[in-house]
Amino acid sequence: MSIDIEAPIPILRIFDLPKMREFYLDYLGFSVDWEHRFEPALPLYLQISRGRARLHLSEHHGDGTPGTALFVPCKGIEALAADLSAKAYGYARPAIEHAPWKARTLTVTDPFGNRLIFNEPD
């Protein structure tokens, strides 16, 4: 029997749906794959994706910890920076930085304190 371990899918805690949609969908360009609630008045749990990156976002108490950092490998970091800059999001102005591990990074912080560190090797 073979073992096949796939890439993990982080769960990030969210607290405000309009802010989540503004940041992850409108600004970062992710798309909603699916949404789930046990009942209409209960917390939302959803999956979003862009390219091969998948994230789970949750309003459930106990899911995720605000302040989490995600390391997101990517290609085309300059195009990503230009795309984000063109959107003029009022809460972030990320810039490409040169990392000591011979890569370029672009860090954005979501409205819930989570940091997404996009990384492209030099």
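For region 91-114, which residues satisfy the criterion of being loosely packed, with under 13 Cβ neighbours inside 10 Å and not aromatic (F, W, Y)? Steps first, please.
Start the filter on region 91-114 by keeping residues that are loosely packed, with under 13 Cβ neighbours inside 10 Å, which leaves 91, 93, 95, 97-98, 100-102.
Residues satisfying the conditions are R93, A95, E97, H98, P100, K102.
Residue-by-condition table, conditions (1) under 15 Å from the mean Cα position of the chain (by Cα); (2) at positive phi:
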| position | (1), (2) |
| --- | --- |
| P10 | yes, no |
| L17 | yes, no |
| D26 | yes, no |
| D33 | yes, no |
| L46 | yes, no |
| R54 | yes, no |
| P73 | yes, no |
| G76 | no, yes |
| H98 | no, no |
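Which condition number does A88 fail, the rest of (1) outside any helix (DSSP H, G or I); (2) modelled with pLDDT of 95 or more; (3) surrounded by fewer than 13 Cβ atoms within 10 Å (Cβ to Cβ) being met?
Failed condition: (2).
Filter region 93-121 down to residues that are in a loop (DSSP other than H, G, I, E, B) and in contact (Cβ under 8 Å) with a residue 24 or more places away in the chain and give me whichever is nearest to K19 (Cα to Cα). Quick ask: steps written out before the conclusion?
Start the filter on region 93-121 by keeping residues that are in a loop (DSSP other than H, G, I, E, B), which leaves 93-95, 100-102, 110-114.
In the following step, the residues that additionally are in contact (Cβ under 8 Å) with a residue 24 or more places away in the chain were identified as 110-114.
Numbers: D110: 9, P111: 7, F112: 9, G113: 12, N114: 13 Å.
So the residue we want is P111.
From the list G51, G76, G62, G90, which residue is touching a residue at least 40 places away in the same chain (Cβ under 8 Å) and not hydrophobic (A, V, I, L, M, F, W, C)? Outline the logic, then answer.
Details: G51 fails: touching a residue at least 40 places away in the same chain (Cβ under 8 Å); G62 fails: touching a residue at least 40 places away in the same chain (Cβ under 8 Å); G90 fails: touching a residue at least 40 places away in the same chain (Cβ under 8 Å).
Being touching a residue at least 40 places away in the same chain (Cβ under 8 Å) and not hydrophobic (A, V, I, L, M, F, W, C) holds for just one of G51, G76, G62, G90, which is G76.
Before we move on, is E6 farther than 14 Å from R115 by Cα, among the acidic types (D, E) and at pLDDT 95 or above?
Working: farther than 14 Å from R115 by Cα: yes; among the acidic types (D, E): yes; at pLDDT 95 or above: no.
So E6 fails the test.
What is the number of the single condition among (1) surrounded by 14 or more Cβ atoms within 10 Å (Cβ to Cβ); (2) of a type outside the set (D, E); (3) touching a His at 6+ places or on another chain (Cβ under 6 Å) that V72 does not meet?
(3)
The values are calculated or read from the model by the stated rules, or taken from the named source; none is laboratory data. As the structure is a computational prediction, the values presented were derived from the model and not from experiment. Virtual Cβ from ideal backbone geometry, glycine too; neighbours counted across all protein chains shown.
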